[in-house]
Amino acid sequence: MKTNIADIRRDYTKGGLRRRDLNENPLDQFRKWLDEAISSKVDEPTAVLIGTVSPEGRPSTRCVLLKELRDGQFVFYTNYESRKGSHLANNPYISLTFLWHQLERQVHVEGIAQKISPQESDAYFRTRPYKSRIGARVSPQSHPIPNRGVIVKSFMQESLRYIGREVERPANWGGYAVTPHRIEFWQGRESRLHDRFLYTLQADNTWTIERLAP
């Protein structure tokens, strides 16, 4: 018997979110929630769904991993010539969504993405596992390939080339730092009366906080 997906539902009962419990800075609030997600051992706590916009104005989403929080920015790494990279080169506006099912929480971020310096990308690249560094060098990310064998062969050839040598970061791979201007925290509640709080960046670099209707 086929499942009627319209019948799949559950109530959210893990907790609530009150205005008086929020940090005045949304990055501090995010770090608190991220720490709780990590300590609760949720699946992939740093996974983030990022949304970009094509030159035709069409939205596109995919998951990456958050790698750093610094100076009020969210940092992730990717191939600059990938689909998301080409979108960001044309339009730097970006959205990020973190979803922690086990805690019944979501965080939605909107902001602007900028490439970090080559030196910063080099420093992170050196910390990656050897195979991940080789993979970054050989993958024409988002571009068509005739079959899996092509990329496997390239991987093996590049692995042999770098035996006993430092694997260099390819110029088309590096980091983006996202400067947020809008961050929403969502906590599931019973009867779909969820708690939602929106932080909005002001011209003087302070943040306003508003409760939103669920």
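The table below lists the values:
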| item | result |
| --- | --- |
| Stretch gain in nm, segment residue 124-residue 46, where the contour uses 0.36 nm per residue and the Cα spacing is subtracted | 26.5 nm |
| Förster-model FRET efficiency, 30 Å R0, residue 54 and residue 101, C-beta, rounded to 0.05 | 0.55 |
| Spin-label proximity, residue 114 to region 63-101 - amide N less than 15 Å from point 7 Å beyond Cα toward beta carbon | 70-76, 89, 92-94 |
| Rounded to 10°, Cα long-axis angle of helix 26-39 versus longest principal axis of the chain | 80 |
| Carbon + sulfur, % of accessible area of region 1-154 - ligands and nucleic acids excluded, 1.4 Å | 50 |
| Per residue accessible area of the chain, 1.4 Å probe, in Å² | 60 |
| Estimated distance in nm for a label pair at residue 5 and residue 193, the labels positioned 7 Å out from Cα along Cα-to-Cβ | 3.0 |
| Label point 7 Å beyond Cα of residue 162 along Cβ direction - residues of region 99-126 with amide nitrogen under 18 Å | 118-126 |
| Extension gain (nm, one decimal) between residue 81 and residue 181, 0.36 nm per residue minus Cα-Cα | 33.4 nm |
| Linear extension gain, residue 208 paired with residue 24, 0.36 nm per residue minus alpha-carbon span | 65.4 nm |
| Alpha carbon convex hull of region 1-114, projected area averaged over orientations, nm² | 10.2 |
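The values are calculated or read from the model by the stated rules, or taken from the named source; none is laboratory data. Values in this document were obtained by computation on a predicted structure and should not be read as measured data. Here the Cβ is made from the backbone with ideal geometry for all residues, glycine too, and neighbour counts use every protein chain on show. Surface areas here come from the heavy atoms of the whole protein model, side chains and all, with no ligands, DNA or RNA. Shrake-Rupley method; radii C 1.70, N 1.55, O 1.52, S 1.80 Å.
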